[in-house]
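These notes concern the structure reproduced below.
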Amino acid sequence: MDEPAVNLRAARVRHGALGVPSPCLSVCRMDRDRAVCEGCWRSIEEIAAWSRMAEADKLVVWERIEARQRDALALTPPAPLP
């Protein structure tokens, strides 16, 4: 399976800084069904706490972000054939 669209490896390349990069993509819209941001896939609680989190906790959030995307893809029915 391909990497999730929002992933830690790509964020590290994008930000180029040391430490755990923010997953924020400046989309900032909450998906009501999933209760996560449509851009970064974080919950409102994760977004609010991000700046105060330890690096290890940020890595846990990244694991959740990637898992949420994989789970969403698994639940998405395949597109109909033309």
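Overview of values
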quantity	calculated
Cross-chain or 6+ apart pairs with Cβ under 6 Å, region 61-82 first and in contact (Cβ under 8 Å) with a residue 12 or more places away in the chain, then in a helix (DSSP H, G or I) and among the aliphatic types (A, V, I, L, M)	W62/L8
Top-ranked residue of region 4-34 - restricted to ones that are assigned to a loop (DSSP other than H, G, I, E, B) and touching a residue at least 40 places away in the same chain (Cβ under 8 Å), ranked as surrounded by the most Cβ atoms within 10 Å (Cβ to Cβ)	P23
Residue, farthest from S22 (Cα to Cα), within region 36-82, restricted to residues that are part of a helix (DSSP H, G or I) and of a type in the set (D, E)	D71
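We did not get these values from a lab; they are worked out from the coordinates using the rules stated. Computed from a prediction, not measured in an experiment: that's the story for all the values here. Neighbour counts are summed over all protein chains in view; Cβ atoms, including those assigned to glycine, are modelled from backbone coordinates with ideal geometry.
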